[in-house]
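A.B. asks: One structure, as structure tokens, below. Some questions next.
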Amino acid sequence: MQLTPKLGCRLFGRRERPRVCGSLVPMPEMCGSDRHEALRYLEELERLTGPK
């Protein structure tokens, strides 16, 4: 939802950006072995944390 078409963060540099975003240290399972796996991980996080 907050990714631009070029996969940048729409909230980067804005005060609305959650503090956790700046302090997050990516772990290997978050990144996967390629961009496709990393995006799949993000999509799953969105699904799990989004409104029901």
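The values are calculated or read from the model by the stated rules, or taken from the named source; none is laboratory data. Being a predicted model, the structure only gives us computed values, none of them experimental. Counting neighbours? That spans all protein chains shown, and the Cβs are built from the backbone with ideal geometry, glycine included. We work out accessible area using only protein heavy atoms, side chains counted, and drop any ligands, DNA or RNA first. Shrake-Rupley method; radii C 1.70, N 1.55, O 1.52, S 1.80 Å.
A.B. asks: Counting only other residues whose beta carbon sits under 13 Å from that of Gly22, what net charge do I get with K and R as +1, D and E as -1?
C.D. replies: +3
A.B. asks: While we're looking at this one, here's another question. Could you work out how far helix 35-49 tilts from the main Cα principal axis of the chain, as a 0 to 90 degree angle to the nearest 10?
C.D. replies: 60 degrees
A.B. asks: Counting only other residues whose beta carbon sits under 13 Å from that of Leu11, what net charge do I get with K and R as +1, D and E as -1?
C.D. replies: +4
A.B. asks: How large, in percent, is the carbon and sulfur part of the accessible surface of the chain at a probe radius of 1.4 Å?
C.D. replies: Details: 2970 of 4980 Å².
Carbon-and-sulfur percentage of accessible area, whole number: 60.
A.B. asks: Rounded to the nearest whole Å², what accessible area per residue is found for the chain with the 1.4 Å probe?
C.D. replies: Per residue, the chain has an accessible area of 96 Å².
A.B. asks: Under the rule a/c < 1.5 gives rounded, and otherwise a/b versus b/c splits prolate from oblate, where does region 1-45 land using the Cα gyration tensor?
C.D. replies: Oblate, because a/c is 1.5 or more while a/b does not exceed b/c.
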